[in-house]
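Notes for the one structure printed next.
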Amino acid sequence: MTGVERLRAFVIDDEPLAVKRLARMLEATGRVEIVGRATDPEDGLEQVAAQAVDVLFMDIHMPGLTGFQVVERLPAGPMIVFTTAHDQHAVQAFEVNAVDYLLKPIERERLDRALDRLVERRAGTAEDWRSALERLAQHLRASTFLDHLASRVRDRVQLVPVDQVTHVTARQRATYAVTATSEHLLDLTIVELERRLDPARFFRIHRSTLVNVAWIAELHPDEDGHLLVCLKDPRRTELAVSRDRVRALKERLALP
């Protein structure tokens, strides 16, 4: 790529080792200049907005803000390459929408192809990229995330629609999907569910709790000043919000 201006790249991933490895691989190609990196998507978003960035390499599933939410807040300009360790449907969607992806663990040959595509796309308009990203987000939300949770009951499997699930909770080494009237034992861990449930619907408020945002009625402090989420179910269930998730929850709900 002698004589050709290098791509100015920024890397966002909540795993520090993933950021370090990808940045190292990109620099080794000689085709990319790393202008920044972040493990906090909010911090990364601020940095990207404040400088000239050609391409943003970004994980999809991150705490605080997902890759989709970062894209929604990005100023027009940077091209996007998502990185993902899961979901073949997501991989196919990236291909269909002509927005590239890197499947973890990232291979050098695949990275080179991604850079080839980026160079070709750099001449495209910001509007073309924004439109492609919007189609991608819609496709991924429709095809990647679970719309039912499977609960095994003896010799039967009961499918629980996710819109009926008020929250998911982990206790005593088991995970339960809770509805307005019942609880359902699940095979998946809460970490797996956080990745497979649509982040536009479900938010992690505690290491043991995912809440369906549509079921939140109000927020209020308990007698010790800890924030509680009160649900719309008949029991008016109250769920504790861990201190390190309060800010992110308020931002998710657009609260001051």
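Since every read-out is calculated from the coordinates, none of them should be taken as a lab result. Predicted model only: the values in this text are computed from it and were never measured. Backbone-built Cβ (ideal geometry, glycine too); neighbour counts: all protein chains shown.
Does the stretch 36-50 hold any residues that are among the aliphatic types (A, V, I, L, M) and out of contact with any helix residue (DSSP H, G or I) (no Cβ under 9 Å at 6 or more places or on another chain), and which are they?
At the first step, the residues of the stretch 36-50 found to be among the aliphatic types (A, V, I, L, M) are 38, 45, 48-50.
Matches in the stretch 36-50: A50 only.
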**Complete:** Of the residues in the stretch 226-248, those that are of a type outside the set (V, I, T), outside any loop (DSSP other than H, G, I, E, B) and more than 17 Å from Q69 (Cα to Cα) come to L227, L228, C230, L231, E238, L239, A240, R243, D244
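Of the residues E251, E223, only one is out of contact with any Gly (no Cβ under 6 Å at 6 or more places or on another chain) and outside any loop (DSSP other than H, G, I, E, B); which?
Details: E223 fails: outside any loop (DSSP other than H, G, I, E, B).
After applying the criteria, what remains is E251.
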**Complete:** Of (1) surrounded by fewer than 19 Cβ atoms within 10 Å (Cβ to Cβ); (2) touching a residue at least 60 places away in the same chain (Cβ under 8 Å), P234 satisfies every one except (2)
**Prompt:** Before we move on, is T169 assigned to a strand (DSSP E or B), surrounded by 14 or more Cβ atoms within 10 Å (Cβ to Cβ), in contact (Cβ under 8 Å) with a residue 40 or more places away in the chain and among the polar types (S, T, N, Q)?
**Reply:** yes
**Prompt:** Scanning the stretch 172-181 for residues that are assigned to a strand (DSSP E or B) and polar (S, T, N, Q), which turns out nearest to R196 (Cα to Cα)?
**Reply:** T175
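For the stretch 30-71, how many residues meet the condition of being assigned to a loop (DSSP other than H, G, I, E, B) and among the polar types (S, T, N, Q)? Give the steps one after another, and end with the answer.
Kept after step one, since they are assigned to a loop (DSSP other than H, G, I, E, B), are these residues of the stretch 30-71: 30-31, 39-40, 50-54, 60-66.
Next cut, among the polar types (S, T, N, Q) only: 39, 51, 66.
Adding up the residues that qualify gives 3.
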